[in-house]
Amino acid sequence: MTQPFISLSDVTLRYRTGTLALDRTDLAIDEGDFVALVGPSGCGKSTILKLVANLLQPSSGVVVVGGREAGAPSLPLPRLRIGLAFQNPTMLPWLTIRQNVMVPLKIVPPFRAEFAAKKKGEFADRAEALLEQVGLKGFGDKRPWQLSGGMLQRASLCRALVHDPQLLLLDEPFGALDQFTREELWAALQALWMDRKPTVLLVTHDLREAATLANRICVMSARPGRILEDRAVTLPRPRTVETSYAPEVATLVQALRLRIAEARSAAEPEPSPAGAMA
Ligand code: ADP
């Protein structure tokens, strides 16, 4: 049997403040899949992303991503390429949009060596092709302050994908955008995923977004989080904004909403944020 690309087995994560964010959580994701994580605020969704990105180590249990166990002595495997995008895209203000998109190519092997070897022109073409794919043709020479929030988020998707990541981790990437821009970006993200098929783990509060984009939706319990429910979304692709208003989606969203409402009502109050550190 092939191993899942991502697996969390019996994972518990307690922060140093004492907050138990995850308690004996299991999750398995196959390579190339698109999975959305939904659940009440504070249930541990971002904590799962950080464990998968190897930014946090589990207190107990095992996290394996692409055959590499988090925190284990390094294996003779090339480092996994990961793309990240968050709610507020942070761009370097002194660089153009194209240069911002190219930043991972300066940092991540094997591109880093080629960047140094003056393949910059080729990489600029690569960034430009992505910008064009998300509707930002002609904006590569602009500075971040010249773009709207939606345009910056498009550019941040390009930056997350420019180094051909095997894994794309998205934490509320469209959370700060208005509904119309968000729906446009769903189409852009879906097209990029269909084209390149990275494994995607998307954290979102927007259930329609989860149903429109993902192949699977995992609903988490209130903190300490565990996966309560795992729903397959079998709607054909490409899915459109119309799909997101289809009766099947409405039924699915309503079922998820009820599940999360139950989980929220079972939730303990959030602990005080004093000394919030991993
Ligand atoms: P979600 O993404 O589902 O909103 P998080 O994974 O961010 O939830 O947080 C889960 C719980 O862990 C919350 O109670 C949060 O306050 C707490 N938490 C998150 N990060 C830290 C940290 N660095 N130090 C202490 N507690 C944290």
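Accessible surface area normalised per residue over the chain is 49 Å², counting heavy atoms of protein chains with a 1.4 Å rolling probe.
Placing unit charges on the Cβ atoms of the charged side chains and taking the dipole of region 26-164 about its Cα centre, the candidate lying farthest along the positive direction among Thr47, Gly61, Asn100 is Asn100. Extension gain, Ala261 to Glu248, is 2.7 nm, computed as 0.36 nm per intervening residue step minus the present C-alpha separation.
Screening the chain for DSSP H helices whose Cα atoms reach 24 Å or more along their own axis and whose mean Kyte hydropathy is at least -0.5 gives 179-196, 247-265. Full extension of the chain between Ala113 and Thr240 yields a length gain of 41.8 nm, computed as 0.36 nm times the residue separation minus the alpha carbon distance.
Using a/c under 1.5 as the rounded threshold, could you call region 172-230 rounded, prolate or oblate? The axes a ≥ b ≥ c are square roots of the C-alpha gyration tensor eigenvalues, and prolate needs a/b larger than b/c, oblate otherwise. The shape class here is oblate.
Taking Lys and Arg as +1 and Asp and Glu as -1, the other residues whose beta-carbon sits under 13 Å from that of Asn54 total +3.
Could you please state how large a percent of the accessible area of region 1-99 is carbon and sulfur, counting protein chains only and using a 1.4 Å probe? Accessible surface attributable to carbon and sulfur in region 1-99 totals 52 percent. Rounded to the nearest Å, what's the spacing between the alpha carbon centres of region 173-223 and region 111-149? Just the number, please. Cα centroid to Cα centroid, the span is 23 Å. A convex hull fitted around the alpha carbon atoms of the chain yields 148 Å³ per residue.
Carbon-plus-sulfur accessible fraction, region 107-197 (probe radius 1.4 Å, protein heavy atoms only): 53%. Taking packing as the residue-averaged number of other Cβ atoms within 10 angstrom, the listed peptides 101-112, 209-220, 225-236, 29-40 run from highest to lowest as 209-220, 29-40, 101-112, 225-236.
Count Lys and Arg as plus one, Asp and Glu as minus one, and take only other residues whose Cβ is under 12 Å from that of Ala187; the net charge is then 0. Answer rounded, prolate or oblate for region 160-260, using the Cα gyration tensor with square roots of eigenvalues a ≥ b ≥ c: rounded when a/c is under 1.5, else prolate when a/b is larger than b/c, else oblate. Oblate, since a/c reaches 1.5 and b/c is not below a/b. Listed here are the pairs Lys50/Lys142; Lys50/Lys197; Lys106/Lys137; which of them are more than 29 Å apart at the Cα? Cα-Cα > 29 Å for Lys50/Lys142; rest within. Assuming a ≥ b ≥ c are the square roots of the Cα gyration tensor eigenvalues, decide whether region 46-116 counts as rounded (a/c under 1.5), prolate (otherwise, with a/b larger than b/c) or oblate. Oblate is the answer for region 46-116, as a/c is 1.5 or above yet b/c matches or exceeds a/b.
Using only side-chain charges placed at the Cβ, +1 for Lys and Arg and -1 for Asp and Glu, the dipole size of the chain relative to its Cα centre rounds to 780 debye. In this structure the amide hydrogen of Val203, modeled in the peptide plane, comes within under 5 Å of the amide hydrogens of Leu37, Leu170, Asp171, Glu172, none closer than 5 places in sequence on its chain. Counting only heavy atoms of the protein chains and using a 1.4 Å probe, Ser59 has close to 70 Å² of accessible surface.
The values are calculated or read from the model by the stated rules, or taken from the named source; none is laboratory data. Just so it is clear, the structure is predicted and the values come from calculations on it, not from any experiment. Glycine also receives a Cβ, built like all others from the backbone with ideal geometry; neighbour counts cover every protein chain displayed. Just the protein is used for accessible areas: all its heavy atoms, side chains included, with ligands, DNA and RNA removed. Shrake-Rupley method; radii C 1.70, N 1.55, O 1.52, S 1.80 Å.
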